[in-house]
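To start, the structure itself, in structure tokens.
Every read-out reported here was derived from the displayed coordinates using simple, explicitly stated rules and does not represent laboratory data. Since the structure is predicted, the reported quantities are computational estimates derived from the model, not experimental observations. Glycine also receives a Cβ, built like all others from the backbone with ideal geometry; neighbour counts cover every protein chain displayed.
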Amino acid sequence: MSENINPYEIALQQLKIATERLGLDQWIYEVLKHPKRSIVVSIPVKMDNGETRVFMGYRVQHIDALGPFKGGIRYHPKVDLDEVKALAMWMTWKCAVAGIPYGGAKGGIAVDANKLSMAELERLTRRYTSMIMDIIGPYRDVPAPDVNTDAQIMAWILDTYSQFKGYLVPEVVTGKPVYLGGSEVRSEATAMGVFYCTREALEDKSVKGKRIVIQGFGKVGWNAARILYDHGAKVIGVSDSKGGIMSQEGLNPYKVYEHKAKTGSVINFPGVKTITNEELLELECDVLIPAAIENTITKENAGNIKARIIVEGANGPTTPQADKILIEKGVKVVPDILANTGGVTVSYFEWVQNLHREHWTREEVLRKLETMMVRAFYNVKNLAEKNEVTMREAALMLGVGRVAEALKTLGLWP
Ligand code: GLU
């Protein structure tokens, strides 16, 4: 039977497992299953050729028992309500695992952003912002970048929101350009967190000489490749949506980045072998880092994976059936809701800096990030050992457990 890979169904299955392990009250499970608020908007945009097109946009707010909603906005043709609901739920657990005072949210627009001009992208972003205006805000819901969105898009959201308010409100979004109140390190923060988790997951706590394979060469994949390379790891394979490349001697990510900037893809990088995405996932290596989108490691390919450790830079890259296969094979998985919390953790730092009108140095941000990531890593690892469960289950137990405790204490009104 083919595997059900609807991300929201997967998120619900995970919640059920955590609920059973934690023995949560029925009412809490019932509340956690549903996002508190979901909005779907049809966004009309005047295209450069004079035509008008309508794009579907979403913002889903899961549970805000621990603080204001927080989560990125992605621009991707496959975005739909169920995906955004899953991603919002994962954000709730992620913030709780990271120990930052937020609830989970996510937004998205079903669009192939690469096919839009900058002017079209700006009109789309501003119109979408105006349509979700009432439900976002510094103490309500703070958007951030995600797949195919960046500091420029955050600046347009900030400007649109501020135009309506009548004054500049930098704390309404994170992941802004540094000169507009963005935090140092934010643009590479998710990758930095992936690096800390990779290091801690290795027996000798060093990435030096370790063979790394990275699927995806966007913000997370490219920065992870660069940071790991700078720390002496051997990046033997990388890929993007067009395919992958591999070299047993190791790639220089900076050179690959230049090649991608010139040609639009990592493939056909001179002097190395071009391979398929499937082949890339099955390379023999110490650490495999999926850093693209959901459902990359499925029951179809999990059996062929030869990595010893998987560190999930993406959200939801491994399906539940693949997970079972990996457990049987003894592959250690550092789950997404722990491994990729670096981004939202520095987003939290950005928000705190904005609210206090402060600007922290790069060293200060890195020091704080490392402390929080390492603490979260061992909180999860120790819980996994204590309960004899995987790190994924432990992370879910920690995240769901913290939110459930908050909900229980707040109570159900009326
Ligand atoms: N989009 C990122 C994530 O999935 C970051 C969210 C944020 O910074 O609010 O974790």
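Summary table
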{"read-out": "Sites Lys16 and Tyr139, calculated FRET efficiency, Cβ-Cβ separation with R0 41 Å, nearest 0.05", "value": "0.85"}
{"read-out": "Residue exposure sequence - Arg375, Arg308, Arg21, Arg59 - by fewest surrounding Cβ within 10 Å", "value": "Arg375, Arg21, Arg308, Arg59"}
{"read-out": "Cα gyration tensor category, rounded, prolate or oblate, for region 332-414 with a/c compared to 1.5", "value": "oblate"}
{"read-out": "Residues Asp82, Asp323, sorted so that the one with the fewest Cβ neighbours within 10 Å comes first", "value": "Asp82, Asp323"}
{"read-out": "Separation of the Glu3 and Glu300 label points, Cα + 7 Å toward Cβ, nm", "value": "1.0"}
{"read-out": "Residue order, fewest to most surrounding Cβ atoms within 10 angstrom, among Arg211, Arg140", "value": "Arg140, Arg211"}
{"read-out": "Three-way shape label, region 1-93, alpha-carbon gyration tensor, a/c 1.5", "value": "prolate"}
{"read-out": "Neighbourhood charge, 15 Å Cβ-Cβ cut-off, centred on Val352 and excluding it, Lys, Arg +1 and Asp, Glu -1", "value": "+1"}
{"read-out": "Ordering of 285-297, 252-264, 229-241 by burial proxy (mean other Cβ atoms within 10 Å per residue, highest first)", "value": "285-297, 229-241, 252-264"}
{"read-out": "Net charge over other residues, Cβ less than 12 angstrom from the Cβ of Thr52 (K, R count +1; D, E count -1)", "value": "+1"}
{"read-out": "Under the span-like rule (Cα at least 27 Å along the axis, Kyte-Doolittle mean at least 0.5), DSSP H helices of the chain", "value": "391-410"}
{"read-out": "For region 361-414 versus region 52-101, the gap between their alpha-carbon centres in whole angstrom", "value": "19"}
